[in-house]
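Visitor: One structure, pasted below without further comment.
The values are calculated or read from the model by the stated rules, or taken from the named source; none is laboratory data. Worth saying up front: this structure is predicted, and the values here are computed from it rather than measured. Note that each Cβ is placed from the backbone with ideal geometry, even for glycine, and that neighbours are counted across all protein chains shown. In case anyone asks, the SASA skips ligands and DNA or RNA and just uses the protein heavy atoms, side chains included. Shrake-Rupley method; radii C 1.70, N 1.55, O 1.52, S 1.80 Å.
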Amino acid sequence: YAGIIDYFDVLVCGDMVSRSKPEPDIYLKACELLNVHPKNAFAIEDSYNGIRAACAGGLRPIMVPDLAEPTAEMEKLSEVILSSLFEVMDYVKGSGNEDMCDREHVSIGCCEECGSKFLNTASKMKNLCPECAHIVYGCPKCNHVFENNRCIYCYWDGSKSEYIKQLGRK
């Protein structure tokens, strides 16, 4: 125990999510528990898979290299690469996010039709991902952009049930 636990509002550990990094589940769970939209959250990482997970979750990845030096991929995925946690504090203070008080509610749903996880705020239907809601009920369509096998806007993974596939052909 390093005496820093009181500095954290929530703790999310690997056994609390079904998929580990580079999947974004751990970051999305933390954002959900904090009621912070991922786009308003920094993720401070020293590992490649951590940066990949933060990026896939729509967070603002900051890399502080330890054993693994930054690669071209990490430079592309990271908002910034800094050499110390002291630099991170200065960066966050200068980013206009000193209090990080924009707490837009974020929650992850599971589509009852295709089984994909999705951002609840991205769908007009409570229990359907935006894609299934669009195909079944004509709700607004998400303009999907996929990175790391997930839509960066609605978090849908591209799954389609047989029923949705048949409806899509009509």
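Visitor: In this structure, does E113 turn out to be modelled with pLDDT of 90 or more and closer than 18 Å to P22 by Cα? Before the answer, list the steps.
Guide: Values: modelled with pLDDT of 90 or more: yes; closer than 18 Å to P22 by Cα: no.
Judged against the criteria, E113 is not a match.
Visitor: Please specify each residue of segment 131-151 satisfying the condition of being out of contact with any Leu (no Cβ under 7 Å at 6 or more places or on another chain), surrounded by fewer than 16 Cβ atoms within 10 Å (Cβ to Cβ) and not charged (D, E, K, R). Step through it out loud before you land on a result.
Guide: Just the residues of segment 131-151 that are out of contact with any Leu (no Cβ under 7 Å at 6 or more places or on another chain), to begin with: 131-134, 137-151.
From the residues that got through so far, the ones that are surrounded by fewer than 16 Cβ atoms within 10 Å (Cβ to Cβ) too are 137-138, 140-141, 143-149.
Within segment 131-151, Y137, G138, P140, N143, H144, V145, F146, N148, N149 meet the criteria.
Visitor: Sticking with this one: Name, by its number, the condition in (1) open to solvent by 80 Å² or more (accessible area, probe 1.4 Å); (2) in contact (Cβ under 8 Å) with a residue 40 or more places away in the chain; (3) under 19 Å from C151 (Cα atoms); (4) not hydroxyl-bearing (S, T, Y) that does not hold for R52.
Guide: (1)
Visitor: In addition: Before we move on, is D102 on the phi < 0 side of the Ramachandran plot, out of contact with any Leu (no Cβ under 6 Å at 6 or more places or on another chain), modelled with pLDDT under 85 and not in a helix (DSSP H, G or I)?
Guide: On the way: on the phi < 0 side of the Ramachandran plot: yes; out of contact with any Leu (no Cβ under 6 Å at 6 or more places or on another chain): yes; modelled with pLDDT under 85: yes; not in a helix (DSSP H, G or I): yes.
Yes; evaluated as a whole, the condition is true for this residue.
Visitor: Determine the pairs where a residue that is in contact (Cβ under 8 Å) with a residue 40 or more places away in the chain, located within segment 61-85, has a partner that is outside any strand (DSSP E or B) and open to solvent by less than 30 Å² (accessible area, probe 1.4 Å) with Cβ atoms under 7 Å apart, the partner being 6 or more residues away or on another chain.
Guide: Listed pairs, sorted by first residue: L85/V64.
Visitor: Right, something else. Out of curiosity, is L33 over 16 Å from the mean Cα position of the chain (by Cα), open to solvent by 50 Å² or more (accessible area, probe 1.4 Å) and at pLDDT below 95? Outline the logic, then answer.
Guide: Numbers: over 16 Å from the mean Cα position of the chain (by Cα): no; open to solvent by 50 Å² or more (accessible area, probe 1.4 Å): yes; at pLDDT below 95: yes.
Here the answer is no, as L33 does not meet what is asked.
Visitor: Looking at segment 64-81, is at least one residue closer than 19 Å to L119 by Cα, in a helix (DSSP H, G or I) and either open to solvent by 70 Å² or more (accessible area, probe 1.4 Å) or touching a Cys at 6+ places or on another chain (Cβ under 8 Å) (or both)?
Guide: Residues of segment 64-81 that are closer than 19 Å to L119 by Cα, as a first pass: none.
Among the residues of segment 64-81, not one is closer than 19 Å to L119 by Cα, in a helix (DSSP H, G or I) and either open to solvent by 70 Å² or more (accessible area, probe 1.4 Å) or touching a Cys at 6+ places or on another chain (Cβ under 8 Å) (or both), which makes the answer no.
Visitor: So, one more: Out of all the residues in segment 119-162, which are among the aromatic types (F, W, Y), closer than 19 Å to P22 by Cβ and modelled with pLDDT of 85 or more?
Guide: F146, W156
Visitor: Does E45 qualify as being surrounded by 19 or more Cβ atoms within 10 Å (Cβ to Cβ), more than 18 Å from C154 (Cα to Cα) and out of contact with any Gly (no Cβ under 8 Å at 6 or more places or on another chain)?
Guide: Details: surrounded by 19 or more Cβ atoms within 10 Å (Cβ to Cβ): yes; more than 18 Å from C154 (Cα to Cα): yes; out of contact with any Gly (no Cβ under 8 Å at 6 or more places or on another chain): yes.
So E45 fits the description; yes.
Visitor: Restricting to segment 1-30, name every residue that is modelled with pLDDT under 90 and aromatic (F, W, Y).
Guide: Residues satisfying the conditions are Y1, Y7, F8.
Visitor: Could you list, in sequence order, the residues of segment 152-168 that are open to solvent by less than 70 Å² (accessible area, probe 1.4 Å) and in contact with a Phe, Trp or Tyr (Cβ under 9 Å, 6 or more places away or on another chain)?
Guide: At the first step, the residues of segment 152-168 found to be open to solvent by less than 70 Å² (accessible area, probe 1.4 Å) are 154-159, 161, 164, 167-168.
Those that are open to solvent by less than 70 Å² (accessible area, probe 1.4 Å) and in contact with a Phe, Trp or Tyr (Cβ under 9 Å, 6 or more places away or on another chain): C154, Y155, W156, D157, G158.
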